[in-house]
C-alpha cells in the first residue's frame, strides 16, 4: 500500500461533517439527540432493561456547527450502567454531555423508561409475588438541575354509587323475605339469609391506574421509587395483588368494601399524602378508572407546585 493510501485510511484524516458550518447560518435547535437506546440500569436495587432518550440543545452562532457528535453522548451513557441510579449520577453524566460539546450547548436531558419488579406480600397468607411497575425517570440540566420520577401504580376501585344501589336492592330483598314476619327474627336465621341471599346485586369494580409524577427535592440523594409506590398503595388501600389464596381474596374484598372510590376520591387521597412527602417538591397525578360499567374510562387529574410555588 502506498504512503498516500495509508494516509487516506488514517483515522485522524477522516472527515468530520458534523463540525462543519451549517448552511442556514447556524439556526439554533432546542434538542438534538437519540431516542430508544437500550441500556441496562439499576433502579431501586433492581435491574431494569431501559429505553433511554438522551440529547442536548445546539446553540446558534456565526460559527455554529452543522450537528452534534451523538457518539460522544452515547459513550457517556455507559456510566449510568456502573451502579445504582442516583440524582448525582444523572447530574454528572449531563454535565459530561455539555463538556463534550463545550460552547455549543448549555442544556442537556436524559429520559429513562422501563419497569421495576418488586416483591409484594399477600394480604393475609404470608406469601409473596412479583409485580411490575412502569416508570419514567427524567433529568434535565438547564439553569438548574431537576429530576422527575413518574410511576404507574395499579389498584382496584369499587364505585360508591354502585355499592349504594346494591345495598338498596339487598334492603328491598330483606323486606320482601321478612317484612311479614311478626316473630322476633333469630340472629342465626338472619345470618343464614345473608350468606344465601344477602347479595342480590353486587357493585361494579375495575382495575385502575394511578400515574404519579413527582419532582424530587433538590437535596434528594436517592430515587424514592419504593417510597413513592408505598405512599400511593397505602393511601388507596386496594393495590392489586400477586399471589392470592382464598383468605387473601377475602381480605381484598374487605379492602374494596372499606375503600369505595370515585376517581375524584382517589386523586384527592393521593394529593393529601404526597403534599407531605419529604422527597417531593411538586407533583402531577392522573388516576384512571378503567370502567366495567362503561366502554370509556373515568379520569381525574390534580397537581401541586409545593409551598415555594415552583413551576
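The peptide list 159-165, 261-267, put in order of mean Cβ contacts within 10 Å with the highest first, becomes 261-267, 159-165. A simple spin-label model places pseudo-atoms 7 Å from Cα toward Cβ; at residue 130 and residue 297 they are separated by 2.6 nm.
Could you give the length gained by full extension between residue 37 and residue 164, i.e. 0.36 nm per residue of separation minus their alpha carbon distance, to one decimal place? Show your work: numbers first, answer last.
Numbers: separation 127, 0.36 × 127 = 45.72 nm, distance 5.00 nm.
Computed gain between residue 37 and residue 164 is 40.7 nm.
Helix 187-197 and the longest principal axis of the Cα set of the chain meet at an angle near 50°. Helix 160-178 and the longest principal axis of the Cα set of the chain meet at an angle near 10°. Any idea what angle helix 87-100 forms with the longest principal axis of the chain, computed on alpha-carbon atoms, 0 to 90 degrees, nearest 10? Computed tilt is about 30 degrees.
Distance from the alpha carbon centroid of region 120-165 to that of region 216-284 works out to 7 angstrom. Taking other Cβ atoms within 10 Å as a rough exposure proxy, 231, 155 sort from fewest to most as 231, 155.
For the chain, the square roots a ≥ b ≥ c of the C-alpha gyration tensor eigenvalues yield an a/c of 1.5 or more together with a/b exceeding b/c, which makes the shape prolate. Ordered by the number of other Cβ atoms lying within 10 Å of each residue's own Cβ, fewest first, 148, 202, 238 fall into the sequence 202, 148, 238. Neighbour counts of C-beta atoms inside 10 Å place 69, 294 in the sequence 294, 69, starting with the fewest.
In deg cm²/dmol and to the nearest 500, what is the mean residue ellipticity at 222 nm of the chain if only DSSP H runs of at least 4 residues count, each as -39500 (n - 2.57), divided by the residue total?
Details: 8 runs with 95 residues, N = 311.
One gets -9500 deg cm²/dmol as the mean residue ellipticity at 222 nm.
Given 0.36 nm per residue, what is the gain on full extension from residue 258 to residue 95 after removing their alpha carbon distance, in nm? Working shown, then result.
On the way: separation 163, 0.36 × 163 = 58.68 nm, distance 4.94 nm.
Contour length minus the Cα-Cα distance gives 53.7 nm.
Here, each number is a calculation from the coordinates, and none is a lab measurement. Everything quoted here is computed from the prediction, not taken from an experiment. With ideal geometry, Cβ positions are generated from the backbone for all residues, glycine too; neighbour counts draw on all protein chains shown.
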